[in-house]
Amino acid sequence: MSDDSNDFYVTPMTIEQAQMICGWQYEEPYHIYDWMPWEQMLALEIEFGDSKLRQEQYVSVLHTKEGLAGFAQLFPMTGAMRLGFGMRPDLCGHGWGKEFIQAIVSVARQRDPIQPLDLEVLVWNERAIRAYQKAGFEISDTYMLRTPEGEQPFYCMVYQDEL
């Protein structure tokens, strides 16, 4: 790991970046986070395949040396802003999670400085949970959600703003 892990910045997601993200392949058990092919997302107009949703909710996370490093969804809900994160597979597990997440939290706070920030994470994803905790999130609830692999337990984690 180099000392430039804090060189993350957030930009609007382009179509080219969305296409690249659809090509990312995670190793098991993280393959559950793989996206469907870009052409399919575009045809179904789902997630960042929907141009309006991509512009309103999705951002790309870039690294000064690594280029496209990941993405985030900033999903406004009643009473909270739900964050979703995805880091490029070859960058996962290198200790950059905290800085990556903090860049996204900063943009979320610019969009809405008042709403609580939360996220959902599979309870078995200890690598992500550690990164979220280092970035200031705490587990607040556990519940079951449907996934492509059936019902699975998730944590809801809430960002603890510094006072």
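Only the coordinates and a few stated rules stand behind these numbers; no lab work does. Because the structure is predicted, anything quoted here is derived from the model rather than measured. Methodologically, a virtual Cβ is constructed for each residue, glycine included, from the backbone with ideal geometry; neighbour enumeration extends over all protein chains shown.
A few points about this structure:
- Near Tyr26, the amide H atoms lying under 5 Å from its own belong to Asp34; only residues 5 or more places off or on other chains count, and H is placed 1.01 Å from N.
- Rg/Rg_globular for the chain, with Rg_globular taken as 2.2 N^0.38 Å and Rg from C-alpha atoms: 0.99
- Fully extended contour minus Cα-Cα distance, from Val107 to His31, at 0.36 nm per residue: 24.6 nm
- Relative contact order of the chain, pairs being alpha-carbon contacts under 8 Å that are 6 or more residues apart, as %: 18 percent
- Taking Tyr30, Tyr58, Tyr132 in turn, the Gaussian network model of the chain (Cα-Cα springs below 10 Å) assigns the largest fluctuation to Tyr30.
- Sequentially through the range 63-69, phi angles give Karplus couplings (6.51, -1.76, 1.60; θ = phi - 60°) of 10, 4, 10, 9, x, 5, 9 Hz, Gly and Pro residues having no value and appearing as x.
- Computed label-point distance, nm, for sites Glu162 and Tyr9 using a 7 Å Cα→Cβ extension: 2.2 nm
- Phi-based couplings in Hz for the range 77-89 (Karplus 6.51, -1.76, 1.60; Gly and Pro marked x): 10, 6, x, 6, 10, 8, 9, x, 10, x, 9, 3, x
- For Phe137, the residues whose amide H sits under 5 Å from its own are Gln160, ignoring neighbours fewer than 5 places away on the same chain, with H placed 1.01 Å from N.
- Annotation: amide H-H contacts under 5 Å for Gly70 (H modelled 1.01 Å from N, sequence separation of 5 or more, or interchain): Val61, Arg88.
- Spatially proximal lysines relative to Lys98 (Cα-Cα < 23 Å; intrachain offsets below 8 disregarded): Lys65, Lys134
- The chain - mean residue ellipticity at 222 nm from DSSP helices (-39,500 (n - 2.57) per run, n ≥ 4, rounded to 500): -8000 deg cm²/dmol
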